[in-house]
Amino acid sequence: MAKLIAMTNSSPWRATVLTLFPEMFPGPLGVSLAGRALAAGLWELEARDIRASATDRHRSVDDTPAGGGPGMVLRADVLAAAIDATEVGEVRPRLLMSPRGRPLTQARVVELAKGPGPLIVCGRFEGIDQRVIDARGLEEVSIGDYVLSGGEIAALALIDACVRLLPGVMGKEASGTEESFSDGLLEYPQYTRPQLFEGSPIPEILTSGDHAKVAAWRRAESEALTAARRPDLWEKAANRASGQKTPKNTTDG
Ligand code: ADE
């Protein structure tokens with residue numbers, strides 16, 4: 001038993017993806033930061049073909065919606081078998097990428113990155129039989145209010161957001177950025193050489209060498225951007241600053 005616990009603790013963070021298009025993985029996660037970390041064994045990716053769990057002669061995975069309507073629905077029995085084939089008694093989040101899910105937040109990403117790594121189901125077609133969502137306790141997650149042609153690109157985005165937080169994946173510089181986002185504010189604008197670009201100079205304060213002034217300028221820029229672009233975040237940040245609970249925190253207790 002002790003050996004099992006030791007082994008479990010040492011296994012890297014792992015994303016298991018159930019999809020009808022396993023060839024879409026690792027895709028962009030095979031290059032750059034995530035790709036190097038994958039090659040270095042800092043995390044693992046397992047893409048499994050849902051179709052491998054189909055049992056009929058035609059290996060069908062979908063059928064027409066009960067009650068009528070357009071499109072096709074992913075069958076509960078096929079997806080349940082695919083999920084059950086992946087689980088080896090371990091407890092891990094089971095996500096379903098779906099435009100009707102709860103919006104993904106950095107806070108949820110941080111939680112997912114701290115855990116063993118999720119099982120992620122990628123939806124296709126018109127949807128997935130509700131019974132398998134309920135029976136296997138799938139948490140529906142959306143990456144934004146728009147509709148993709150399937151959950152694969154959403155899964156790639158979610159995994160990327162988690163992987164960059166894993167120990168050893170990212171340098172120190174980037175973790176600073178993380179903190180500024182967990183502040184609830186959008187990032188301030190950045191500049192680098194050349195000093196003059198198409199007649200536009202780098203803001204003087206950034207080259208002044210006065211670190212306190214630079215920090216104050218960045219903070220003010222972050223606040224102005226957040227207020228202009230994301231009034232929802234701005235309101236939460238303002239409530240936090242004045243010690244009030246946000247409406248969400250209030251209902252959450
Ligand atoms: N599948 C299709 N659209 C999606 C979205 N916006 N988020 C997550 N999964 C999806």
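Remarks
- Region 113-134, residues that are out of contact with any Phe, Trp or Tyr (no Cβ under 9 Å at 6 or more places or on another chain) and open to solvent by less than 70 Å² (accessible area, probe 1.4 Å): Pro118, Leu119, Ile120, Val121, Gly123, Gly127, Ile128, Asp129, Val132, Ile133
- Elements of the type helices (runs of 4 or more DSSP H) sitting completely within region 65-183 and holding at least 3 residues that are within 14 Å of the ligand (Cβ to nearest atom): these cover 152-163.
- Any hit, region 17-32, residues being modelled with pLDDT of 95 or more, open to solvent by 70 Å² or more (accessible area, probe 1.4 Å) and either farther than 30 Å from Val169 by Cβ or among the charged types (D, E, K, R) (or both): yes
- In region 33-45, residue least open to solvent (accessible area, probe 1.4 Å) [restricted to those that are more than 16 Å from the chain's Cα centre (by Cα) and aliphatic (A, V, I, L, M)]: Ala37
- Qualifying residue in region 178-195 (condition: over 28 Å from Ala161 (Cα atoms), modelled with pLDDT of 95 or more, open to solvent by less than 80 Å² (accessible area, probe 1.4 Å) and not assigned by TED's automatic domain parsing to the domain that holds Ala107): yes
The values are calculated or read from the model by the stated rules, or taken from the named source; none is laboratory data. Remember, predicted model here, so these are calculated numbers, not experimental data. Heads up, the Cβs are rebuilt from the backbone with ideal geometry, glycines too, and the neighbour counts pull from every protein chain shown. These area figures cover heavy atoms from the full protein model, side chains too; ligands, DNA and RNA do not enter into them. Shrake-Rupley method; radii C 1.70, N 1.55, O 1.52, S 1.80 Å.
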